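Working notes, structure below.
The values are calculated or read from the model by the stated rules, or taken from the named source; none is laboratory data. Not measured: the values here are computed from a predicted model. Every residue, glycine as well, gets a Cβ built from its backbone with ideal geometry; the counts of neighbours run over all protein chains shown.
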Amino acid sequence: MDSIKITDLTYRYPTADEDVLRHVSLSVKKGQLCAVVGANGSGKTTLCNAIRGFVPKFYKGEISGEVLVNGKDVQREEIGVTALEVGFVFQNPFTQISGITDTVYEELAYGLENMGVEPAEIERRVEEIMGLTKIEAFRDRDPYQLSGGQQQRVALAAVLVMNQDVFVIDEPTSQLDPQSTDDVFEIIRLMKNMGKTIVLVEHKMEQIAEYADKVVVMDQGQIVLEGTPEEVFSDPRCEAYHIRLPQCTRIALELKKEGIGFEKLPVTVQETVEAIQAITGAGKDGQERKG
Amino acid sequence: MTEKKGIKADFNLITILIIPIAIAVNFICGNLVLTLKLPLYLDSIGTFLVAILAGPWVGALTGLLSIAINSIADPSLLPFALIAGVLGGVTGIFARKGMFTKFWKFIVSAIVASVVAVIMSVIVSYVFFGGFDTSGNSILIAGMISAGVPFWPAQVIGNFISEVPDKFLSLLVPYLVIRGMSDRYLYKFSNGHVFIDARKAEKENTN
Amino acid sequence: MKNMENKRKGIKSWNPLTSLYLIIVLAVVSILFDFRITLLTVALMIVLAAVSGEGASFTKLWLKSLVLVCVICFALQSLFIPGEDVLWSFWIFAVKREGVQKAVVLCSRILGVGSAILLGGKLIDMKHLTAVLEERGMSPAATYVLLSTANIIPQMSKKMSAILDAQRSRGIETDSSLLVRAKAFFPSVGPLLLNALVSAEERAITLEARAFSAPCRKTKLREIADTPRDKALRAALISILVLAIGGRIALWIALK
C-alpha cells in the first residue's frame, strides 16, 4: 500500500511569479525511506510542506493536484489533524524548540499533551523514546541550552514520540557537524526499523546510498529521476542536475576510467569493498598489477 | 481567494507567536535605552510592529500585556498598560487603513499617535498618580509648576516633551523594518495585503 | 520533581487559582477603606510572603519599587498640588494640606494594589496558573503567549548583550556622546528584530508539528491538585470579598 501518493501536484507561492512545483507525481510505499535530492531551489522543501499540508494551508497560494497520506486527502484535512498523521522535522535546530518547556523531558511530552494522551502513557512513551534515541543524558536540561546537534536530536525524538506513521524530514543535518550528523542518522535508522514511512531531504549522498530505498531527484520543480540509489547514482544525467555522487561511486567511476570494469556501480562502502574484492580476487590481471 | 475576516483571522498562529517576541522586543529595547543612557523610553517598538502587521486587536493586546507583565516586577507601571493598549489599537487601525505605506502617511500616523499618547498620559498620570508619576518628566513638570506655570499646561508640556519624540522613533523602527520585509513574509499577517497592494500600486505607477 | 512540589511552602503549596483569589481579595480590600486598613493589609502581605519562604526577596523588591514610588509620589504631590492651606514651607517649596490629603489617598492605593501584584508574582507559578486556567477553558494560545514570553525575554537579552559586545568591539562605546549612543541603538535592534521575526515563522511550523492546533482535548503531564482545602479557601475568600464590599457600602450609607 502507498503511504504517500502525490498526483500531478502543481503549486505556486502567493507572491511568486512562477510555479515552484510542476506536475509532481510520487508514491512512497509503507515502510519505505524515500530520499529527495536536488539543487537549491528545486522544490524539495516545498514538496515536504505539501505532504504535511503546510502548502497551501500555511503558505497560501495556488495549488492543483492531490496529496494522499494514508489514503486521506491532506488538502481537505484541517492543518491540525494532519499532525496526527505526519511527523515533521526541518533544518534549523534552534527554532524546533517549542519555547515553553523548561526541560527536554517536558519538550518530548509537549506533543503528547497536545494530542490528549493520558499522563501515565505520556511518561511511558517519553521514557521509551528517550532510551531509544539515547538522549537520556539531557533529560533535565533546558532545551535552549543544548548544542545544535543535541537540539536536532531532541526535535527528532519529540516528533518520533508522537508515533505517527509517516515522517517528513527536511535537511536535518545541513547545519550540523559530522558527529551530530551520525547521531541524527542513527535516529533515522531507528525510525526506519520501526517501520515508519520516511521522506528525507538530504545532501549527504553517502548516507542516502546507505539508508534510502528510493531516491528522487528534483530539478526546477519537477521530478526528473526516480529509482533505487543504484539506479539513480549510476545514471549519467546526475551530473546535469548537479547531484554530487557518493564518494564510493565516484571512486568506482574513476577506476572505471582506468579500465577496471565494474558489473554495476557500487554506491555504499560495503558494495565497493565487495566489488573491488570480486575484481581483484577473481580477476588475475588485478593481482598481477599488484605484484 | 476568500479569507476569514475579523478578530479570529487576526489571531492566526504566526500572530500568536509574534506577540511574545514583540513583548520581549519592548522589554529589551527599553533596557537597551537605559544601557545606552538615551533620554527616551522606546519600550513600545514591538507593540507597534505587531499592531502594524496584525491589526488593532493584536496591537492592543500586545501593548496591554507587555506593560502588565513588566508590572509584576514594578506594579506602579500597571496603569500605563492602558496607554500602551490604546496606542497599539490606534496604530493597528491606522495601519489597516494603509497609513504606514508611505513616508508622508507615516508622519501623519505618528502625529496622531503622539497626540493620543500625550492626552492619555496626562489623564492616566493624573488619575493614578495625581499628575506626578515616577518618570523623569515629573521633575520637569514640578519644575515648571514651581516656576509659575499653571498645573494643566505644565502637565501637557511635560508629557509632550517625553512622549512625542519617543513615539516618532518607536514608530519609525517598525516602519523601516516592514519596508525591508519580503512580500512572502508579509503575506502571513492580516495587514500584510495592505502593504503588498501598496507596493504593487507603486510599481505600476513607476512603470 | 514530585518532592520539589511538596517542598513548596505556605501559600505556594496552594492551588494557583486559590492564590489568585487571595491576591484579588487583598488588592480589593486594601483600596476599599482608608490608609490604615491598607497598611494592615500590606503588613499581612509581608507576613504571607515570609510564611511562604519569600519574605526577604519580596521585601527587597517591595522597598526598591513600590516604597520608592510612593515616597517620590508623596513628596511631589504634597509640594506641587495647588492648595491654600500651607502646613510647612521652606525656600520656594510649600507643603499644602490639599496635596497631603491627595497624596495619602493615592499612595495607599498604589501601595495596596501594587503590593498585591508583587506578592502574586512571587507566590504564583505562572506555569501552574496557566495549566489550571486552561483546564477551566482558557485558550491554549493564551497559555502559549504567557509562557513563551517568560522564556523568550532571557533568550533575547542574551542575544542583545552579544550584539552589544560586538558593537563595542567595533568601537561603539556606551559612554560616548549622545549621538554616537543613539546611532548604536538602531544597528543593535535591527538584526535582533529581523531574526526574531524570521524565526517566528519556523516556530509556527514547529508548533504545528507538535500538534498544537490538533482538534483534540489536551492533557497535562503534571496535573495540579485542587484539594478540598483549596475549594474551602476559595469559598472563604469569596465571602470575605463580598463582606468587604458590603461593609464598604454600608459604611458609605451610614456616613451619608
Practice prompt. Kindly indicate whether C:LEU193 is within 28 Å of the chain's Cα centre (by Cα) and either outside the structural domain of C:SER78 (by TED's automatic domain parsing) or outside any helix (DSSP H, G or I) (or both).
Written response: yes
Discussion item. Here's a check for you: in region A:62-84, which residue that is under 30 Å from C:ILE152 (Cβ atoms) and surrounded by fewer than 24 Cβ atoms within 10 Å (Cβ to Cβ) is nearest to the other protein chains (Cβ to nearest Cβ)?
Written reply: A:GLY80
Worksheet entry | Single residue of region B:1-31 satisfying the filter (assigned to a loop (DSSP other than H, G, I, E, B) and polar (S, T, N, Q)) that is modelled with the lowest pLDDT | B:THR2
Worksheet item: in contact with a strand residue (DSSP E or B) (Cβ under 9 Å, 6 or more places away or on another chain) and either part of a helix (DSSP H, G or I) or within 11 Å of chain B (Cβ to nearest Cβ) (or both), is that true of C:SER115?
Response: no
Worksheet item: If you check B:GLY158 against the conditions, is it on the phi > 0 side of the Ramachandran plot and either away from chain C (no Cβ under 11 Å) or not in a helix (DSSP H, G or I) (or both)?
Response: no
Worksheet item: Considering region A:231-267 alone, what residues qualify as being surrounded by fewer than 20 Cβ atoms within 10 Å (Cβ to Cβ) and among the β-branched types (Val, Ile, Thr)?
Response: A:ILE251, A:ILE260
Worksheet item: Quick one: B:GLY92 ticks every box in (1) crowded, with 23+ Cβ neighbours inside 10 Å; (2) outside any helix (DSSP H, G or I) bar one, so which box is it?
Response: (2)
Worksheet, complete the sentence: Scanning region A:162-183 residue by residue, those free of Cβ contacts under 8 Å to residues at least 60 places away in the same chain and within 11 Å of the chain's Cα centre (by Cα) turn out to be A:THR173
Discussion item. Given the criteria modelled with pLDDT of 95 or more and either more than 9 Å from chain C (Cβ to nearest Cβ) or crowded, with 17+ Cβ neighbours inside 10 Å (or both), does A:PHE88 qualify?
Written reply: yes
Fill in: Subset of region A:209-218 (residues that are surrounded by fewer than 23 Cβ atoms within 10 Å (Cβ to Cβ) and modelled with pLDDT of 95 or more)
A:ASP213, A:LYS214
Practice prompt. Determine, yes or no, whether A:PHE233 is modelled with pLDDT under 95 and either among the acidic types (Asp, Glu) or more than 20 Å from A:ASN49 (Cβ to Cβ) (or both).
Written response: yes
Fill in: Which listed residue is among the aromatic types (Phe, Trp, Tyr) and in contact with an Asp or Glu (Cβ under 9 Å, 6 or more places away or on another chain), from B:PHE129, B:PHE80
B:PHE80
Response to the item:
A careful count of residues in region C:223-242 that are facing chain A (nearest Cβ under 10 Å) and surrounded by 15 or more Cβ atoms within 10 Å (Cβ to Cβ) gives 0
Response to the item:
Residues of region A:97-112 being at pLDDT 95 or above and either hydrophobic (A, V, I, L, M, F, W, C) or touching a Leu at 6+ places or on another chain (Cβ under 9 Å) (or both), in sequence order, are A:VAL104, A:TYR105, A:GLU106, A:LEU108, A:ALA109, A:TYR110, A:LEU112
Response to the item:
Being farther than 16 Å from A:MET162 by Cα and surrounded by fewer than 19 Cβ atoms within 10 Å (Cβ to Cβ) narrows C:PRO187, C:PRO215 down to just C:PRO187
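Rundown of residues vs (1) polar (S, T, N, Q); (2) modelled with pLDDT of 85 or more; (3) closer than 20 Å to B:ASN31 by Cβ, yes/no style:
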site: C:GLU135; (1), (2), (3): no, yes, no
site: C:MET138; (1), (2), (3): no, yes, no
site: C:THR149; (1), (2), (3): yes, yes, yes
site: C:MET156; (1), (2), (3): no, yes, yes
site: C:LEU178; (1), (2), (3): no, no, yes
site: C:ASN195; (1), (2), (3): yes, no, yes
site: C:ILE205; (1), (2), (3): no, yes, no
site: C:ALA211; (1), (2), (3): no, yes, no
Item to complete: Report those helices (runs of 4 or more DSSP H) wholly inside region C:1-111 carrying at least 2 residues which are exposed (fewer than 15 other Cβ atoms within 10 Å of the Cβ) and in the same structural domain as C:GLY246 (by TED's automatic domain parsing).
Response: C:2-7, C:35-51, C:55-62, C:68-80
Discussion item. Of the conditions (1) within 24 Å of B:GLY130 (Cα to Cα); (2) within 14 Å of chain B (Cβ to nearest Cβ); (3) touching a Lys or Arg at 6+ places or on another chain (Cβ under 9 Å), C:PHE58 satisfies every one except a single condition; which number is it?
Written reply: (1)
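Among the residues of region A:97-105, is any of a type in the set (D, E, K, R) and within 10 Å of chain C (Cβ to nearest Cβ)?
yes
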Worksheet entry | Residue in region B:32-42 that is within 7 Å of another protein chain (Cβ to nearest Cβ), part of a helix (DSSP H, G or I) and over 27 Å from A:GLN96 (Cα atoms) present | yes
Discussion item. Being free of Cβ contacts under 8 Å to residues at least 60 places away in the same chain and facing another protein chain (nearest Cβ under 8 Å) is the requirement here; does C:SER176 meet it?
Written reply: no
Worksheet item: Just wondering, is there one or more residues in region C:132-142 that are at the interface with chain B (Cβ under 7 Å from one of its Cβ atoms), aliphatic (A, V, I, L, M) and touching a residue at least 12 places away in the same chain (Cβ under 8 Å)?
Response: no
